[in-house]
Structures are given as C-alpha cells and as structure tokens.
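The values are calculated or read from the model by the stated rules, or taken from the named source; none is laboratory data. Worth saying up front: this structure is predicted, and the values here are computed from it rather than measured. Counting neighbours? That spans all protein chains shown, and the Cβs are built from the backbone with ideal geometry, glycine included.
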Amino acid sequence: MSIGIWQVVLILLIVLIIFGAGKLPKVMGDLAKGVRNFKKGLQEDEEEEAKPKPIAADEAGAGGASAAPVVEASVRKDEPAKS
C-alpha cells in the first residue's frame with residue numbers, strides 16, 4: 001500500500017493547521033539543520049574508520065622502533081621461587 005497524493009495533501013494540511021503558516025518555515029529550517037548535522041556526523045565517522053591508527057609509544061616498546069613481545073614469568077604457588 002503506497003501513499004497517494006491525497007494522503008500527502010491531508011498530512012500537509014494538518015501540519016499547516018498545527019504549526020501555522022508563520023512557524024512552518026522555522027520548523028522546516030530546524031529539520032533541515034538536523035538532517036545536515038546527521039549526514040555530517042556520518043561522514044566524520046567514515047573518515048575516522050578510514051584513517052590508520054598510529055602505534056602508541058607503550059605498544060611499540062621503549063625503543064619505539066621494535067615491537068618485541070613482552071614475556072611475563074609466572075610462578076606457581078606450590079613451587080618456591082628460584083633465585
């Protein structure tokens with residue numbers, strides 16, 4: 001079921017009665033600003049996803065050039081620690 005021309009006319013007539021002819025341009029202008037800001041936000045999100053992430057200093061290691069993995073020693077509680 002699609003919306004016909006008479007349904008659109010009826011909706012516009014109701015909106016005109018509710019908001020009045022004086023406020024209608026202001027309401028439509030605010031709606032257009034909202035849509036514009038929404039589209040701008042979507043474009044900014046896409047640009048952020050496209051940019052490669054820089055490697056942080058703590059991820060690269062102290063030297064910054066090599067990213068050697070950090071190996072942590074684990075001590076079992078039932079065994080004494082070796083010196």
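Some notes on this structure:
- For the residues Val27, Val8, the requirement of being assigned to a helix (DSSP H, G or I) and modelled with pLDDT under 85 singles out Val27.
- Pair list, Cβ under 7 Å, 6 or more apart: region 1-19 residue closer than 16 Å to Leu31 by Cβ, other residue not acidic (Asp, Glu): Leu16/Leu24; Phe19/Val27
- Any hit, region 42-57, residues being surrounded by 10 or more Cβ atoms within 10 Å (Cβ to Cβ), among the β-branched types (Val, Ile, Thr), at pLDDT below 70 and not in a helix (DSSP H, G or I): yes
- None of Ala32, Ala73, Ala21 is small (Gly, Ala, Ser) and modelled with pLDDT under 65 except Ala73.
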